[in-house]
Amino acid sequence: MPLSWALFASFLLAIAGYLVGRSRAFSAAGPDIRKLHSRPTYHGFLVGLAAFLPAVVVIAIASLLRMSGVIMAEAGPVVGLVALAAAVVGLGWGITRIGVDFHARNTVERIVLGILIFCSLIAIATTAGIVLSLLFETGKFFQIYDWKTFFFGTEWTPRFQGNSQLGILPLLWGTLYISLIALIVSVPIGLFAAIYMSEYASKRVRGIAKPAIEILAGIPTIVYGLFALVTVGPMLRDYFAQPMGWGNSGSSVLTAGLVMGIMLIPFVSSLSDDIINAVPQSLRDGALGLGSTPSETIRKVVLPAALPGVVGAVLLAASRAIGETMIVVLGAGASARMDLNPFEAMTTITVKIVSQLTGDSDFNSPETLVAFALGLTLFVITLVLNVVALYIVRKYREQYE
Amino acid sequence: MYDMNRVENAVSQGDIKISANDVQVYYGDKHAIKDVSVDILDKTVTAFIGPSGCGKSTFLRCINRMNDTIPIARIEGRIALDGEDIYDRRVDPVQLRAKVGMVFQKPNPFPKSIYDNVAYGPRIHGMTRNRADLDQIVEKALRGAALWNEVKDRLHEPGTGLSGGQQQRLCIARAVATEPEVLLMDEPCSALDPIATSQVEELIDQLREKYSVVIVTHSMQQAARVSQKTAFFHLGHLVEYGDTDDIFTKPQDSRTEAYISGRIG
Amino acid sequence: MTDMPMPRSGTASAAKSSLMVADANTRRRNAAEKRFRLYGATAIGVALLALVVLLFTIVRDGSGAFRQTYLAIPVQLNAEVLDPKGNRNPEEMAKVLTLSYGKVLDAAVEAAVVRENIQIQGLTEKQISGLISKEASAQVRHRVLANPDLIGQMIDVDVLANGRVDGFFKGRVSMESAANDKNTSPEQLMLAQELRDRGLMVTRFNWNFLTNPDASDQRPEAAGVGIAILGSLYMMLVVLLLAVPIGVGASIYLEEFAPKNKWTDIIEVNISNLAAVPSIVFGILGLAAFINFAGLPQSAPIVGGLVLTLMTLPTIIISTRAALKAVPPSIRDAALGVGASKMQSVFHHVLPLAMPGILTGTIIGLAQALGETAPLLLIGMVAFVKNYPAAPPEGLFDPASALPVQVYNWTQRSDPAFIERASGAIIVLLIFLFCMNLLAIYLRRKFERRW
């Protein structure tokens, strides 16, 4: 890899530049070091940066050009040489600038600030990348597939030989149904757990319960997925669905919803904990001082005061549930249907994104491209939920600050 | 003004409402209240004064067991309300606090309407059978707190929208609405401007007709203006307790004198 | 005490109640209070129960992966079969396929059974040789190619037992299930039991699970997480090298230098939203941007690492900013007051003081990245990889797997023995996560500072 070698070589040049720059600055200063505007280290840093940055820029531009096909991969050695040349030129320029009056520190700090700004722009670039890649591929999809059929179609039957029915509604139904069950499980448990821990639990109980619930939050979703597949699914099937004649499927809406609910408990409880603790103690004192029991204080004063925050937390949890992938891949099944029976296997948007994009995909067929349209729909739904939720939570916080 | 109030203060005093004997309070290892014994009279305003950290607020919170909400607080000794030990095992603090109301340092109206704030206590204590009763109690309490005329047209607007002084009177109305026998006030004017303060002080003087009022204050002038009895606390001890006039004019203890003349505190 | 004469003021009503007796209303309210408490305790109980059941089932299902059954037999390495030319030339020997080694092994197993004089009715030759794994011949071939002098000798070999036999000793396979299983039979299991009673078949700790690559559908007993661990480590390396400097740099700018204006507002809102974007969307981004557009190879740790970097950046930025915010302004003022530049005050004073918080947040971000599965599925990390990737940096472009993806991969196989492997891989994953979190807690405890 000539490029990584060029990078490494210019890094060595930069280190050499640092040492040279520093010693040159020392000798420029003569016996009285205070004559220098900037300390010698800064002169060294400047020379080093002057050598390294041009090389990096050359390599970055070359990589971009190669990605967009303007230059060939074989141009690698040439690019490496150009980069090295740039490093040498930068080094020379840096050394000539050294002098008593040169504001090396200010220059270095300006460069560092530029690098910091560049870092914070990467977050923006990520969002732009997500939006662009989704929009671009979705656009391609809608050129070959009717958007009305996609958004309003009630049938999902992709076929390899073409002529697929790609309606999103059954997937959306499965997603919302599973998320609803997950919220029904997680919101009361998470909320009550938070209330109990912040208002009732003794120090010892809190010392055990709080980290334990945090462990639940640190467990990867694939683990929950396996739990759904191996334990919860068969259990629901063998003890409930089959005896009652409700269904024969191990993977079901209820399986995925239940396990996802467990996954969301710590999420809901830690958000609720923050929100409940943000309610000022003076309100609690006021209620207790009037002779409320602790539960009346919580139900009639703390929770109403915290309501907007709790709503925000529930929306964030919903957004999590809708975007969750591994639990539904392993727990919910793959058959796209719109049914009310929670013991039936159904599928979600995320499951279908995975199944359409894994394996050998032809990026010109609607069966593959539909995944991007699904991804865009998912992104928009979760984005709206997040924006609304974050807005509500922020407004709520400001109220008590 | 000082003299005028003194004349007004010469009202007949009631019987013993609360009697405390050898009360000790510990916060963890800290001994916050030491050997405090005091008899608080009915239909009287009693002021607790003293430098910050002297334990006056702590002692006040013992009287309606608000210290129960602090896990590390431990209380010894006996406090009796009408002769009944309030720390008896059989006593439910909830019932006690209905009889001994409290108003706090910072106005703390609930984020509900003015009406719901005042109706909160009567509702939880099941004091009314119907809406008309409740309306009546709310009006009476707001009149009692001298707030009715200012808010009667906007009872269903949020209580947090009122001015500071109005909020504190709302909190007093809220406490009065449960028809307590004792009203505890923890520096009720410290967050208020002078005009609001004088309104609240006026109100306290009126409340004396019906309740035993105990007020913690760091302002000696305020104690002198509103109270008939004054207790001076210092470093957890009750140093001196007596008629307000006597405390301020001929203190018995040198520490009291030092505090009143501004040398400690 | 209660019979003391009660001092009463004149207006006190006769209806005044004693504090000692709870009235009906208070009793009702206290009952409601108890119920409410019970709900809370139940919620905690349910959450804890879920955690315990989850961990219990994983350990129950997965501990088997760390033990493996081997058959210890002497094998006669027949020179005529294994080195037909007889010149011990490694290149020519390499042409001898595993099939031939299989024959040698089959003979060795049969010989062992005969030697031990085990008589079992209705046992076919195929069932006898089926005791050992299909992987065993490759195992022996490897050993012979590494040391050609072994040919013609009698060597002692611990060969992998077949997955069903292994499962029988771990309780996964029973005589009843074997009767309906075309891959094994009760007779075969009886033979295995006999061999075990005679000490030829042993079950012991399975280091190979941690070092072996994945294996095909037919041989779960040989599958391991070696490549998956390596792939995960490579990706963590990429995340560490990219996400940490970029995240810390962005946080420093936003917290210390950025002017309060519309642009920085947009960046902030953008970051908090990015933190809540579903992980699978990052997978789509990786597929579209890094693979389809930039032309990076599929299944490569570099792509996985880049995707996970973008995904963990918001987490790292948010926690780093919190750590920077916790450093009191007085420290900055003190540095500026002695004539330091803004940049110097940040890098000399604020950043070192915020370091423990930054490290803790970074480790938690890394832990999150380590357990992430969905985006990696989309960039082709599910592929079956049999060869170890090279050392970095070149190895970052070689195909590899990742621990959570390996788990997913194994859940898609038909043989139930792979569920044991998947659970075992999860145990490995959880141990890694546990250590990372322990480190984070340790750092937080050690350097915690209260201002």
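The values are calculated or read from the model by the stated rules, or taken from the named source; none is laboratory data. Remember, predicted model here, so these are calculated numbers, not experimental data. Virtual Cβ from ideal backbone geometry, glycine too; neighbours counted across all protein chains shown. Accessible surface is based on the protein model in full, side chains and every heavy atom, while ligands, DNA and RNA are left aside. Shrake-Rupley method; radii C 1.70, N 1.55, O 1.52, S 1.80 Å.
Quick notes on this structure:
- Residue check: A:Leu283 meets all listed conditions (1) in contact with a Lys or Arg (Cβ under 8 Å, 6 or more places away or on another chain); (2) at pLDDT 90 or above but one, namely (1).
- Test: residue in the range B:245-252 that is within 21 Å of B:Asp35 (Cα to Cα), among the acidic types (Asp, Glu) and over 16 Å from the mean Cα position of the chain (by Cα): no
- Filtered by the rule that a residue be over 24 Å from the mean Cα position of the chain (by Cα), touching a residue at least 24 places away in the same chain (Cβ under 8 Å) and in a helix (DSSP H, G or I), the range A:141-172 gives A:Phe141, A:Phe142, A:Ile144, A:Phe150, A:Leu169, A:Pro170.
- Selection count where residues are within 17 Å of C:Ala243 (Cα to Cα), small (Gly, Ala, Ser) and either open to solvent by less than 20 Å² (accessible area, probe 1.4 Å) or within 11 Å of another protein chain (Cβ to nearest Cβ) (or both), scope the range C:305-353: 2
- In the range C:164-172 there is at least one residue that is open to solvent by 60 Å² or more (accessible area, probe 1.4 Å), out of contact with any strand residue (DSSP E or B) (no Cβ under 8 Å at 6 or more places or on another chain) and at pLDDT below 85.
- Restricting C:Leu336, C:Leu313 to residues that are touching a Leu at 6+ places or on another chain (Cβ under 9 Å) and either in a helix (DSSP H, G or I) or closer than 27 Å to A:Val314 by Cα (or both) narrows the list to C:Leu313.
- Among the residues of the range A:213-230, not a single one is assigned to a helix (DSSP H, G or I), more than 12 Å from every other protein chain (Cβ to nearest Cβ) and of a type in the set (Gly, Ala, Ser).
- When every residue of the range A:189-196 is checked against the conditions, none turns out to be of a type in the set (Gly, Ala, Ser) and open to solvent by 50 Å² or more (accessible area, probe 1.4 Å).
- Across the range B:229-244, a minimum of one residue is classified as under 15 Å from the mean Cα position of the chain (by Cα) and open to solvent by 10 Å² or more (accessible area, probe 1.4 Å).
- All conditions but one from (1) more than 27 Å from A:Gly375 (Cα to Cα); (2) open to solvent by 30 Å² or more (accessible area, probe 1.4 Å) apply to A:Val131; the one that does not is (1).
- Tally of residues being in a loop (DSSP other than H, G, I, E, B) and polar (S, T, N, Q) across the range A:190-212: 1
- Enumerated helices (runs of 4 or more DSSP H) restricted to the range C:345-412, each holding at least 3 residues that are polar (S, T, N, Q): C:351-370, C:403-411
- Filter result (without any contact (Cβ under 8 Å) to a residue 40 or more places away in the chain and open to solvent by 10 Å² or more (accessible area, probe 1.4 Å)) within the range C:407-440: C:Tyr408, C:Thr411, C:Gln412, C:Ile431, C:Phe434, C:Cys435, C:Leu438
- For the range A:291-308, the count of residues that are in contact (Cβ under 8 Å) with a residue 40 or more places away in the chain and under 26 Å from the mean Cα position of the chain (by Cα) is nonzero.
- Among the residues of the range A:269-278, not a single one is closer than 30 Å to C:Gln406 by Cβ and touching a Leu at 6+ places or on another chain (Cβ under 6 Å).
- The residues of the range B:70-92 that are more than 8 Å from every other protein chain (Cβ to nearest Cβ) and either open to solvent by 10 Å² or more (accessible area, probe 1.4 Å) or under 21 Å from A:Val302 (Cβ atoms) (or both), listed by number, are B:Ile70, B:Ile72, B:Ala73, B:Arg74, B:Ile75, B:Glu76, B:Gly77, B:Arg78, B:Tyr87, B:Arg89.
- Every residue from the range A:355-379 that is part of a helix (DSSP H, G or I) and facing chain C (nearest Cβ under 8 Å): A:Leu357, A:Ala371, A:Phe372, A:Gly375, A:Leu378, A:Phe379
- Members of the range B:166-181 found to be surrounded by fewer than 23 Cβ atoms within 10 Å (Cβ to Cβ) and among the small types (Gly, Ala, Ser), listed by number: none
- Counting only helices (runs of 4 or more DSSP H) wholly contained in the range A:233-345, the ones carrying 2 or more residues that are more than 14 Å from chain C (Cβ to nearest Cβ) and surrounded by fewer than 20 Cβ atoms within 10 Å (Cβ to Cβ) occupy A:253-278, A:281-289, A:303-323.
- Top-ranked residue in the range C:178-225 [being out of contact with any helix residue (DSSP H, G or I) (no Cβ under 9 Å at 6 or more places or on another chain) and modelled with pLDDT under 85; ranked as farthest from C:Ala108 (Cα to Cα)]: C:Asn180
- Just one of the listed residues (A:Thr107, A:Thr138, A:Thr175, A:Thr126) is over 16 Å from A:Thr377 (Cα atoms), among the hydroxyl-bearing types (Ser, Thr, Tyr) and either more than 9 Å from every other protein chain (Cβ to nearest Cβ) or in contact (Cβ under 8 Å) with a residue 60 or more places away in the chain (or both), and it is A:Thr107.
- Test: A:Gly48 is touching a residue at least 12 places away in the same chain (Cβ under 8 Å), outside the structural domain of A:Asn364 (by TED's automatic domain parsing), out of contact with any strand residue (DSSP E or B) (no Cβ under 8 Å at 6 or more places or on another chain) and not in a helix (DSSP H, G or I): no
- Evaluation of A:Tyr200 against the conditions (1) surrounded by fewer than 22 Cβ atoms within 10 Å (Cβ to Cβ); (2) more than 9 Å from chain C (Cβ to nearest Cβ); (3) touching a residue at least 12 places away in the same chain (Cβ under 8 Å); (4) out of contact with any Asp or Glu (no Cβ under 8 Å at 6 or more places or on another chain) shows that the sole unmet condition is (2).
- Filter pass, C:Asn147 being surrounded by fewer than 18 Cβ atoms within 10 Å (Cβ to Cβ), in the same structural domain as C:Leu200 (by TED's automatic domain parsing), over 40 Å from the mean Cα position of the chain (by Cα) and not aliphatic (A, V, I, L, M): no
- Search result, residues across the range C:357-376 that are under 21 Å from C:Pro328 (Cα atoms) and open to solvent by less than 20 Å² (accessible area, probe 1.4 Å): C:Ile358, C:Thr360, C:Gly361
- Residue in the range C:288-304 that is farthest from C:Ala228 (Cα to Cα), counting only those that are assigned to a helix (DSSP H, G or I) and within 9 Å of chain A (Cβ to nearest Cβ): C:Phe293
- In the range A:132-159, of all residues being out of contact with any strand residue (DSSP E or B) (no Cβ under 9 Å at 6 or more places or on another chain) and charged (D, E, K, R), the one that is nearest to A:Ile353 (Cα to Cα) corresponds to A:Glu137.
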